[in-house]
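> Here it is: the structure, laid out below.
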Amino acid sequence: MSSAEFGLKGTVRELLRYKGAVLGLAIIIVLVSISIYAVVAIPYDKAVEQWRESGYWIKNPKNAAPEWINYFSGKKLPKSIYLSGEGKVVRDGGRSKLVFEYSFGYYYDDFPSEIILFVNSNVTRSFYLKASFLRPDGDHIFLGKYRIKKGENRIYVTNKLDLEASLEKHVEERLGAKPNFSITIEKALFLAYTGKQEVLKGGYKIKLEALTNATNKDVSCEVVIYGKVHGLTGTDHLRRPLSIALIWGTPVALSFGITAATLIVLMQLIIATISAWFGGRVDMALQRVTEVYMVLPFLPTLIMISLFYRISIWTLLLVVIALSIFGANVKTMRALAMQIKTYPYIEAAQAYGASSLRIVFLYMIPKMLPPVIPSIILSVPDFVFLEAVLSFFGLGDPLLPTWGKLLHDALENGALYKGLYYWVLEPSALLVLTAFSFAQIGLALDKIVNPRLREI
Amino acid sequence: MIPRVVRYILKRILMLFLVVVIATYITILIANAGGYVDEIIKSEIQFNVAMYVQNNPAYKGLPPEELKKLIDSMVETQLKLRGLDQPFFIRSFYYLGNALTLNLGRSYFMTSDSGSRMVRLIILERLPQTILLFTTATALLFFIQLLGGLYLSGKYGKRIDRILVNLAPISSMPGWFFLILLILIFYTWLHLLPPSGLVDYPPPPDPFSYFLSVLKHMILPLSAWLISYTWIGIYNMRNFFLIFSTEDYVEVAIAKGVPPGQVRRRYILRPSLPPIITNLALALISSWMGAIVTETVYEWPGLGYTIAQAIGFMDAPVIIGVTVMYAYLLAFTVLVLDIIYGFLDPRIGAAGR
C-alpha cells in the first residue's frame, strides 16, 4: 500500500530498475506496433477475406517452410518458380498452333512440391494442349494432352495417376533397376539417374502446344513449379501465408487479454469492496454467488456457450468476464477491503456524512487499486492463452485469423507428425513473447507495490 | 437444545446444497442450450422413425396418408418415452431432480468402451486415467512448491532465491502449451517418446509391460505440467512464508536462538498450514476434472477429454453428469474443511457465531 507514496512517475522509474521489466516493456512496444501496423495495413475486412477465400493463394506452395530456413539447414530448399510469357503461332502443315516455350534453371537440393499449369482461354471451342518437359540431360518427357475449355483451366500435372505410372516405368528403365524409394511425378521429372534421391541441376525447358488456331491474345499460360519454402513465415495446408494470421493475431490477442484482465479485476474489486463495506445480507449473498461460481466448471461452461451460440470473439469476451468476476480473487480482495474499512479516514468520511457509494468508489477502491494492478498485468497472459484454447476447440471467432487458430490448424493437420516445425513454432514464439513480457512487468510491479517482497 | 456446532454444520450443509442445486441448474440450462439440444434430438427421432418405416417391408403397401399417421404416432411415443413432449421449462426440473439424486441416466450419443450408454459408467471408466495423471501431477506439484517455497523463504535475497524468482514468468504459459513443445522435441525431432494416448497400440499383453507403457506415455504430459506450474507456485509459497516469517512470534523465536530448521517447521509452517491444506484439497478435487486442453492435445482418455468430446457431440447428459459429480465433490470437500477448521481454529469461530 506504500505505492501510493510513489505516484505514477515514481512507480515507472522504479520499474525501469528491473532489467526483466525493461525487456518486457520493449517487447510490448514491439507487439503494439505490430498491432497498429496490422489494423492500418491490412484492414479487418481484407484480412478476413484473404484468410477465408480458398482460391486467393493458389499460386503459393502448400505447407512451405519460411525462406530463411535455408540459412540454417545445409540443404537448399526450392523456392517457387513462376513461368509465363506469350505464345508463338506456328504453322504445322495446313494447321496452325500456339506454342509456349519456357526455360528455367533449377539449382536446388530438393525436389519441387507440385506443378500446376494455369491456362486462360477466350476461345469458345475447347481444344487440346500438349505439354512436354525437357531435362538438362536431353531426356524428353511427355506430360500429357489436356482438354482446355473456355475460361480458367488449372491442370494439376503432379496429380495425374497415369502420368505417374508411366514415369515410374521410365525411371526404372533409365536406372536399369527399381529404385529403393517411391517415385512421384515431381521427383521423376527432376531426378538425377544415379540411383540416389538427388536432383539433377541445370537448365530445364517446358513446352506447351495449344492445338488451336487462336492467337496469343486469346490464350495465355502460366506454369508454376511450387517450391518448399515461401516468404518470411511459410504457408499452411491451404497455401495461406502464416504472416497474415501472425500479424492479425497480435491485436486480437493483446486486446482480448488486456480487456479481459482489466475488466475482470476491476469488477472483482468492486464486488469485494461492496461485499466488505455493506456486510450482512449483501455480503452473505455475494459469498454464496462466489461459491456457485467455484462449483461451476469454468472452461466447459465457456466452451458450451460459445459452441451453442456461435458468438464472435467480442461477445465471448463478455461471457468470459461474466464467468470470472466471482473468482477466488474476490475473497482475498474482500479481506483487504475489510482491513481498509477500519482505517480512520473512512471513519472520518462516515462522520461527515459521505454516502456509501462515495465511500466505496472514491475512498476505498482507489486505495485498493495499486496492490491489485500487478495481478491485472499478471493475468493478461492467461486470457491470451484462453483465446488460443477456444480456437483450439474450433471455437473462438469464426472469421478472424488468430495465433490460436494457427496452432489448431497445425495440430489438426499433423504438423507434429510431419515435422512442420515452423507451423507450430511461429505462433508459439509470439505467445511466449507476450506471456513473458507481461509476466516480467507484473512480477516487477508486484515487488514494487508489495514492499515486503522487494529484493535487497 | 442442539449444540451450536451441530447447528453451524447443518447450516453449512444446507447452504452448500443450495449452491450445488443452483450450479447444477445453470449447467442444465447451458448444456441444453435452453432447449436447443432437444430440438436436435427431436428431429433425429423423426428421421430415424421415418427411415425405419420406409425400410420395413411390413409397411410397404400402405397409402401415404396412413404412413404419415403411423410415423407421427411412432414419433410421439418416442418423444413421450424420452419425456420430450413437455416444454423445456418443466423438463429442466425433472433433469434437476435426476441429476441431484445422481440418477445420471443415458447419454445421447457417447458410449463407454464396453459399449454402454450409461453416463455413470462412462464417467467411472474415464475417471481412473484422469486421477492417475492429474492427481499425481497435482500432488507432486504441491510438495515441490511447498518445500521449494519453504526453502527459498529461508534463503531470501540469496543467489538461488533470485534465480528461482526470475524463473516465475515461465508459469505464465499453461501446461498444454509446454506439452505441444515437448511433443515437438521428443516425438517429432528425437523420436524418443509417444505423442499421444494412454498405452502403445496394440496394448502389451502382460500387466508389467502394460504398466511400463502407461508410464512411458505419462512422461510428457507430467513433465509439461511440472515445467509450467512449478515456478509460480514456488514463488507464491515463498511470498506466503516470507509474510508469515515477519510475524512477531517468529522474530522472538529467532532472537531466543531457536535453530533455523525448527523455526521453519514450528513457527512458520505450522500456523500457515490451514490455508495451505485448503488449497491442496481444492486443487486435488479440481484435478479430478482433468485438464480439458491437455487431455485433448494428448488424446489422454480421461474425464477432461470426455468433456471435450461430449461438448463436441452436444451430449448434454454427459456434461451435466460430470458437472454434478464435480459439484458434489467440491461442496463436500469445502464442508469437511469448514468443519475441521470450525473445530480446530478458534479464530474461524464456528462456535462463536
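Here, each number is a calculation from the coordinates, and none is a lab measurement. Just so we're clear, the structure is a prediction, and the values are computed from it rather than from any experiment. Heads up, the Cβs are rebuilt from the backbone with ideal geometry, glycines too, and the neighbour counts pull from every protein chain shown.
> What does the structure give for B:287-299 when I average, per residue, the other chain Cβ atoms found within 10 Å of the residue Cβ?
2
> Past 28 Å, Cα to Cα, is the threshold; run A:LYS201/A:LYS405; A:LYS205/A:LYS418; A:LYS160/A:LYS418; A:LYS75/A:LYS187; A:LYS76/A:LYS217 against it and keep the listed order.
Too far apart for the 28 Å limit: A:LYS201/A:LYS405; A:LYS205/A:LYS418; A:LYS76/A:LYS217.
> If a/c stays under 1.5 just call it rounded; otherwise compare a/b with b/c (prolate if a/b is bigger, oblate if not). Do that for chain B, with a ≥ b ≥ c from the square roots of the Cα gyration tensor eigenvalues.
oblate
> For every other residue with a beta carbon closer than 15 angstrom to the beta carbon of B:MET173, add +1 if it is Lys or Arg and -1 if Asp or Glu, then tell me the sum.
-2
> Also, quick follow-up: Using only atoms on other chains, find how many Cβ atoms lie within 10 Å of each Cβ of peptide B:157-170 and report the average.
Across the residues of B:157-170, the mean count of other-chain Cβ atoms within 10 Å is 3.
> Still on this structure, please answer the following. What list do you get for A:HIS230, B:HIS191, A:HIS237 if you sort them by fewest beta carbons within 10 Å?
Sorted ascending by nearby Cβ count, the order is B:HIS191, A:HIS237, A:HIS230.
> Return the lysines within reach of B:LYS155: Cα separation strictly under 29 angstrom, same-chain partners fewer than 8 residues apart disregarded; answer none if there are no such residues.
The reachable lysines, counting only those whose Cα sits under 29 Å from B:LYS155, are A:LYS19, A:LYS447, B:LYS256.
> Can you return the aspartates and glutamates within cross-link range of A:LYS207? Criterion is Cα-Cα under 13 Å, with same-chain partners fewer than 8 residues away left out.
In chain and number order, the partners are A:GLU86, A:GLU101, A:GLU222.
> Give me the inter-chain shielding for B:172-181: mean count of other chain Cβ atoms within 10 Å, whole number please.
Across the residues of B:172-181, the mean count of other-chain Cβ atoms within 10 Å is 6.
> Right, next: What are the ³J(HN,Hα) couplings of region A:80-90, residue after residue, when phi is run through the Karplus curve with 6.51, -1.76, 1.60 and θ = phi - 60°? Round to Hz, x for glycine and proline.
So the Karplus estimates, Gly and Pro as x, are 6, 10, 10, 10, 8, x, 6, x, 10, 7, 10 Hz.
> Right, another one. Among residues other than B:GLY83 whose Cβ falls under 11 Å from its Cβ, what is the net charge (Lys/Arg +1, Asp/Glu -1)?
Local net charge: +1.
> What residues qualify as long-range amide H neighbours of B:ARG106, i.e. H under 5 Å apart, gap of 5 or more or another chain, H built at 1.01 Å from N?
Sorted by chain and number, the residues that satisfy this are B:VAL119.
> Where Rh is the Kirkwood radius over the Cα pairs of region A:67-226, the temperature 10 °C and the viscosity 1.306 mPa s, what D in µm²/s does Stokes-Einstein return?
For the chosen part, D equals 95 µm²/s.
> Then there's this: Given only helices, namely DSSP H runs of n ≥ 4 each adding -39500 (n - 2.57), what is the per-residue ellipticity at 222 nm of chain B, to the nearest 500 deg cm²/dmol?
Counting only the DSSP helices, I get -22500 deg cm²/dmol.
> With +1 on each Lys and Arg Cβ and -1 on each Asp and Glu Cβ, how big is the dipole of the protein assembly as shown about its Cα centre, in debye rounded to the nearest 20?
1100 debye
> Distance check, please: which entries in A:LYS169/A:LYS196; A:LYS97/A:LYS149; A:LYS88/A:LYS228 exceed 22 angstrom between their Cα atoms?
A:LYS88/A:LYS228
> Right, something else. Work through the residues other than B:PRO259 whose Cβ is under 13 Å from its Cβ and net out their charges, Lys, Arg +1 and Asp, Glu -1.
+4
> Further question on the same structure: Arrange the following residues from fewest to most other Cβ atoms within 10 Å of their Cβ: A:TRP423, B:TRP231.
B:TRP231, A:TRP423
> Given axes a ≥ b ≥ c from the Cα gyration tensor, I'd like to know whether region A:184-241 is rounded (a/c under 1.5), prolate (a/b larger than b/c) or oblate.
In terms of gyration-tensor shape, oblate.
> Could you tell me which helices of chain B pass both thresholds, a Cα extent of 24 Å or more along their own axis and a mean Kyte-Doolittle hydropathy of at least 1.6, with helices taken as whole DSSP H runs?
Those that pass (Cα extent of 24 Å or more, hydropathy at least 1.6) are B:4-31, B:316-344.
> Dividing the Cα radius of gyration by the Kirkwood radius, what Rg/Rh value follows for region B:1-130?
With Rh from the inverse mean 1/r over Cα pairs, Rg/Rh is 1.16.
> What does the highest-first list of B:72-84, B:178-190 look like by mean Cβ count within 10 Å?
B:178-190, B:72-84
> Let me ask something else about it. As a check on your grasp of the helix formula, calculate [θ] at 222 nm for chain A: sum -39500 (n - 2.57) over DSSP H runs of n ≥ 4, divide by the residue count, round to the nearest 500.
-17000 deg cm²/dmol, from helical runs alone.
> Hydropathy first: keep DSSP H helices in chain A averaging at least -1.0 on Kyte-Doolittle, then drop any whose Cα extent along the axis falls short of 24 Å, and list what survives.
A:19-41, A:242-278, A:365-392, A:421-449
> I've got another one for you. Fewest first, what order do B:ILE163, A:ILE206 take by the number of other Cβ atoms within 10 Å?
Final ranking by Cβ density, sparse to dense: B:ILE163, A:ILE206.
> When only C-alpha pairs under 8 Å and at least 6 residues apart count, what is the relative contact order of region A:67-226, in percent?
Reported as a whole number, the value is 40 percent.
> Right, next: Between A:VAL199 and residues 5 or more places away or on another chain, which pairs have amide H atoms under 5 Å apart, with H built 1.01 Å from N, and which residues are they?
Those lying under 5 Å, H to H, from A:VAL199 are A:ALA192.
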